[in-house]
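Student: Okay, here's the structure, questions in a sec.
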Amino acid sequence: MEKNSVNKLKSELENLSASEGLLFISKLFGGQAKFSTSFGVEDQVITHLIASQSLGIEIFTLDTGRLFQETYDVFDLTKKRYKIPITTYFPDPKRVEKLVSEKGPNSFFESVENRKECCFIRKVEPLQRALKNTTVWITGLRSEQSENRNGLEIVEWNEQYQLIKYNPILNWSWDEVNRFVEQNKIPINTLHKKGFPSIGCAPCTRAIAAGENSRAGRWWWESSSKECGLHEHKAVVLN
């Protein structure tokens with residue numbers, strides 16, 4: 001897609017609500033638009049907006065094999081509540097077998113390099129498969145979540161995956177998200193009420209303390225940008 005086309009799409013979507021924007025994307029791109037959910041509260045908001053409008057946007061998730069049981073519970077509740085298909089991508093079993101055989105089940109605690117290797121095998125490579133033949137990748141990212149996400153735009157061209165990335169609730173506050181969830185009785189992961197604003201793999205996520213960044217509970221033993229490689233900020237912001 002040309003730069004001018006992406007700029008035009010950006011100008012269109014910036015003036016629409018999240019609900020209106022998703023409807024616009026569905027009509028314009030149809031099956032070439034996909035939404036990735038990890039069943040966190042932000043993603044549940046977007047799932048609700050897609051399902052309640054019966055939009056032709058594929059919803060998919062990445063099952064790393066090390067998720068919390070609470071995540072599987074809300075996955076199940078979501079399918080039952082909205083009666084929608086959710087495509088699931090698993091990591092390549094041979095790569096997982098090789099990693100665990102050679103480095104053990106907890107190698108990610110040893111270094112950022114090892115952790116990113118595990119994230120690549122369990123998340124990034126499956127995402128690459130999920131995003132094949134995709135024009136628009138929809139996410140539940142919010143700028144308030146971390147400093148690394150504060151510079152994101154609602155619409156960006158993503159060089160990493162060569163597609164448009166659309167973040168419909170980027171400017172929503174945490175209070176707005178939770179208010180929307182309560183008003184619409186959206187099922188959420190019970191860990192959110194136990195101090196987990198951001199939920200990933202079970203070994204790599206803890207509850208946060210008062211005053212901590214919402215991503216502080218992710219890979220809590222290391223000092224890093226708190227990203228796994230799915231949303232490394234390699235997007236080109238088009239002005």
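Student: Can you name the residue in the range 104-130 that is among the β-branched types (Val, Ile, Thr) and touching a residue at least 40 places away in the same chain (Cβ under 8 Å) and is also farthest from Phe35 (Cα to Cα) among such residues?
Tutor: Val112
Student: From the list Asn158, Asn167, Asn148, which one is at pLDDT 95 or above and not basic (Lys, Arg)?
Tutor: Being at pLDDT 95 or above and not basic (Lys, Arg) holds for just one of Asn158, Asn167, Asn148, which is Asn167.
Student: Continuing with the same structure: Could you list, in sequence order, the residues of the range 47-77 that are surrounded by 18 or more Cβ atoms within 10 Å (Cβ to Cβ), in a helix (DSSP H, G or I) and over 16 Å from the mean Cα position of the chain (by Cα)?
Tutor: Glu70
Student: What are the residues in the range 21-46 that are free of Cβ contacts under 8 Å to residues at least 40 places away in the same chain and surrounded by 15 or more Cβ atoms within 10 Å (Cβ to Cβ), if any? Talk me through it step by step, then tell me what you get.
Tutor: Pass one, the range 21-46, residues free of Cβ contacts under 8 Å to residues at least 40 places away in the same chain: 23-24, 26-28, 30-31.
Leu23, Phe24, Ser26, listed by residue number.
Student: Take the range 205-215 and flag every residue that is at pLDDT 90 or above and under 19 Å from the mean Cα position of the chain (by Cα).
Tutor: Of everything in the range 205-215, those that are at pLDDT 90 or above and under 19 Å from the mean Cα position of the chain (by Cα) turn out to be Thr205, Arg206, Ala207.
Student: Given the structure, is Thr88 touching a strand residue (DSSP E or B) at 6+ places or on another chain (Cβ under 7 Å), surrounded by fewer than 18 Cβ atoms within 10 Å (Cβ to Cβ) and not in a helix (DSSP H, G or I)?
Tutor: In short, yes.
Student: A further question follows. Would it be correct to say that Leu99 is assigned to a helix (DSSP H, G or I), closer than 21 Å to Gly56 by Cα and either hydrophobic (A, V, I, L, M, F, W, C) or in contact (Cβ under 8 Å) with a residue 24 or more places away in the chain (or both)?
Tutor: Spelling it out, it is not the case that Leu99 is assigned to a helix (DSSP H, G or I), closer than 21 Å to Gly56 by Cα and either hydrophobic (A, V, I, L, M, F, W, C) or in contact (Cβ under 8 Å) with a residue 24 or more places away in the chain (or both).
Student: Taking the range 166-207 on its own, how many of its residues are charged (D, E, K, R), under 23 Å from Asn15 (Cβ atoms) and in contact (Cβ under 8 Å) with a residue 12 or more places away in the chain?
Tutor: Matching residues across the range 166-207 total 0.
The values are calculated or read from the model by the stated rules, or taken from the named source; none is laboratory data. For clarity, every value in this text was computed on a predicted model and none was experimentally measured. Virtual Cβ from ideal backbone geometry, glycine too; neighbours counted across all protein chains shown.
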